[in-house]
Amino acid sequence: MGSQTPIFSLRYPFQGETVDPTHFKNLADDIDAALDLIDARSLLVLNKPALKIAQNTDQTGITSGSTTIITWDTATYNPNGWWNAGAPTLVALPAGIYLVSVAMSNLVGTTTGIDDQMLEIQINSVVQTRKTANVAPTAGSAPFSHHSIIYTATPQNLRISWAWWGSVAGGATNQATDLSIRLLRDL
Amino acid sequence: MRFTDPSLLPVPGDQETGATALFLQSFAEQAEEVLAAQYATMAAALNSPLMIMTNSGVINIGSSVSVISTGSSVNVNTDTYRSSNGPATQRRLYRTGLWQLGFYINASCVGTVNVDTYRRGYLRATVNDVLINTQTNEQTFSYTTTEKNNTAQGLSAEALFFIPPETPPGSDGYYAAVSLGLSHGNSGSQMTIAAGGAKLWAFWLSDDDLIREV
C-alpha cells in the first residue's frame with residue numbers, strides 16, 4: 001500500500017494509513033537506491049571511457065602513395081577493452097561520439113625524401129577525417145598529429161592509416177604512433 | 001541511510017499516525033527534488049551540447065583568380081549529430097561558455113596540380129548579439145598545406161572559442177555563428193570537395209554556472 005514519488009519511486013504511506021516501521025525502512029531503502037544511481041553517474045562523469053594505445057614496432061617498406069593501416073602493439077590504458085591484441089589494427093567502439101587524437105612521433109631513423117604525409121581516421125574502412133602535412137624533402141620524417149571528433153551511431157571498428165608521398169629508396173617507415181580516444185557522449 | 005532493524009524505530013501512536021504519514025510524504029518529495037537535481041546535473045555533465053555537420057553534395061571551388069582574397073564558403077548543410085539541448089539553429093551556438101571548435105576539409109584538384117601553391121581551410125566564428133543580430137567579435141583559425149603531386153589533401157584544425165555570458169543576466173545574450181571556408185592558389189584549376197568531405201564540429205566544454213543551464 002502507500003504511494004510513491006514519480007521519478008525515483010520513493011515510497012511513502014497514504015494519509016490515513018497506519019504508519020509502521022516498514023514505511024521508514026522502505027523510504028530509506030529507496031533513497032539508497034537513488035543514491036546508487038547518482039553515484040554510478042558521478043563515476044561516469046569523473047571517468048569517461050577512454051583508451052590509450054601505441055605502436056612501438058616500426059612498419060617498414062611502405063611505398064609512396066599507398067595507405068597503410070597502423071598496427072598497435074601496446075595498450076597503455078584500455079579499461080573498457082576497446083582494443084584487443086588478437087585484432088591489433090582495430091579499435092572496437094560502442095555507439096557514441098568520441099574525441100580521437102593520433103600522433104606519430106618519428107623520433108628515430110628519420111627518412112629524407114618525404115614531401116607529404118597523411119593520417120586518416122577510418123570507421124569500418126571509410127575515411128572520416130584526414131590531415132595532410134607538408135615535409136621539406138631534406139628534413140627527414142616529422143612528428144605529426146591529427147585530432148578529430150568521430151560519430152558512430154552503432155558499434156563500429158576504428159582504424160588509423162598513414163600514407164606518404166615522395167621518393168625514399170626501399171620505402172618509408174612509420175614509427176612510434178600513439179592513439180588516444182575519449183568518449184564525449186554516449187547515444 | 002541505513003535501517004538495518006526496523007523494530008528499533010519508535011512506532012507512532014494512533015493519534016500521531018496521520019501527521020507521520022504526512023511528514024513521510026513531504027520528506028519523500030523533498031528528497032526526490034534534491035536527488036533529481038543531482039541526477040540532472042550529472043546527466044548534463046555526461047552529455048554536453050555537441051554539434052557535427054557535414055556537406056551533403058559535391059562542392060567545387062573555382063580557380064584562385066576568383067577566390068584568392070576571400071576564399072569560398074563551404075556549405076556544411078547536413079546535421080550529422082546535434083544534441084537535443086544543444087545548438088538550436090544550424091551553424092549557430094547559443095550556449096554561453098567555452099566551446100571546442102574543429103573542422104576538416106578534404107580538398108582535391110579537379111585539373112592540373114600546381115605544385116607548391118597553397119591550400120587553406122579555415123573556420124570563422126563570430127559572436128553576435130541575439131537581439132540586434134550584430135557581430136561583436138570574430139576569431140578565425142586555419143590550416144594550410146602546399147599542393148604536391150597527391151591531389152587530395154586533408155585540412156584540419158581545432159581551437160577553443162568563448163561565447164560571453166549575457167549582460168545583464170536575463171537579457172537576450174549572444175550566439176556564435178560558425179562557418180567554414182577554403183581558399184587556394186592554383187590559378188589553373190578548381191578544387192573540389194566530395195560529399196561528406198567537409199566537417200564542422202562544436203563541443204561545449206563549460207561555463208561558470210552549470211546548475212543554471214540544467
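Worth pointing out:
- Residue within region A:162-170 that is outside any strand (DSSP E or B), surrounded by 14 or more Cβ atoms within 10 Å (Cβ to Cβ) and over 15 Å from the mean Cα position of the chain (by Cα) present: yes
- In the set B:GLY86, B:GLY111, only one residue is surrounded by fewer than 21 Cβ atoms within 10 Å (Cβ to Cβ), out of contact with any strand residue (DSSP E or B) (no Cβ under 7 Å at 6 or more places or on another chain) and not in a strand (DSSP E or B); that residue is B:GLY111.
- Of the criteria (1) touching a Leu at 6+ places or on another chain (Cβ under 9 Å); (2) touching a residue at least 40 places away in the same chain (Cβ under 8 Å), which one A:ILE62 fails: (1)
- Here B:GLY71 fulfils each of the conditions (1) at the interface with chain A (Cβ under 7 Å from one of its Cβ atoms); (2) modelled with pLDDT under 80; (3) within 29 Å of the chain's Cα centre (by Cα) apart from (1).
- Of the residues making up region B:12-56, those that are at the interface with chain A (Cβ under 9 Å from one of its Cβ atoms), loosely packed, with under 13 Cβ neighbours inside 10 Å and in a loop (DSSP other than H, G, I, E, B) number 1.
- Unique match (being in contact with an Asp or Glu (Cβ under 6 Å, 6 or more places away or on another chain) and assigned to a loop (DSSP other than H, G, I, E, B)) among A:PHE8, A:PHE14: A:PHE8
- Looking across region A:130-157, the residues that are facing chain B (nearest Cβ under 7 Å) and within 27 Å of B:ASN47 (Cβ to Cβ) come down to A:HIS146, A:HIS147, A:SER148, A:ILE149, A:TYR151.
- Hits in region A:63-76 - residues which are part of a loop (DSSP other than H, G, I, E, B), surrounded by fewer than 17 Cβ atoms within 10 Å (Cβ to Cβ) and β-branched (Val, Ile, Thr): A:THR63, A:THR67, A:THR71
- Qualifying positions in region A:18-62 - surrounded by fewer than 16 Cβ atoms within 10 Å (Cβ to Cβ), more than 7 Å from chain B (Cβ to nearest Cβ) and either touching a helix residue (DSSP H, G or I) at 6+ places or on another chain (Cβ under 6 Å) or under 30 Å from A:GLY170 (Cβ atoms) (or both): A:ASN56, A:THR57, A:ASP58, A:THR60, A:GLY61
- Residue within region A:23-44 that is farther than 28 Å from B:TYR39 by Cβ, in contact with a Ser or Thr (Cβ under 9 Å, 6 or more places away or on another chain) and either of a type outside the set (D, E, K, R) or not in a strand (DSSP E or B) (or both) present: no
- B:THR96 meets the stated requirement of being out of contact with any Lys or Arg (no Cβ under 7 Å at 6 or more places or on another chain), buried (at least 20 other Cβ atoms within 10 Å of the Cβ) and away from every other protein chain (no Cβ under 14 Å).
- Of the residues making up region A:16-53, those that are over 30 Å from A:LEU93 (Cβ atoms) and either free of Cβ contacts under 8 Å to residues at least 12 places away in the same chain or under 25 Å from the mean Cα position of the chain (by Cα) (or both) are A:GLY16, A:THR18, A:VAL19, A:ASP20, A:PRO21, A:THR22, A:PHE24, A:LYS25, A:ALA28, A:ASP29, A:ASP32, A:LEU35.
- Selection of region B:144-167 for residues being touching a residue at least 40 places away in the same chain (Cβ under 8 Å), within 9 Å of chain A (Cβ to nearest Cβ) and assigned to a strand (DSSP E or B) yields B:GLN153, B:GLY154, B:LEU155, B:SER156, B:ALA157, B:GLU158.
The values are calculated or read from the model by the stated rules, or taken from the named source; none is laboratory data. A quick note: this is a predicted structure, and the numbers were derived from the prediction, not measured. Methodologically, a virtual Cβ is constructed for each residue, glycine included, from the backbone with ideal geometry; neighbour enumeration extends over all protein chains shown.
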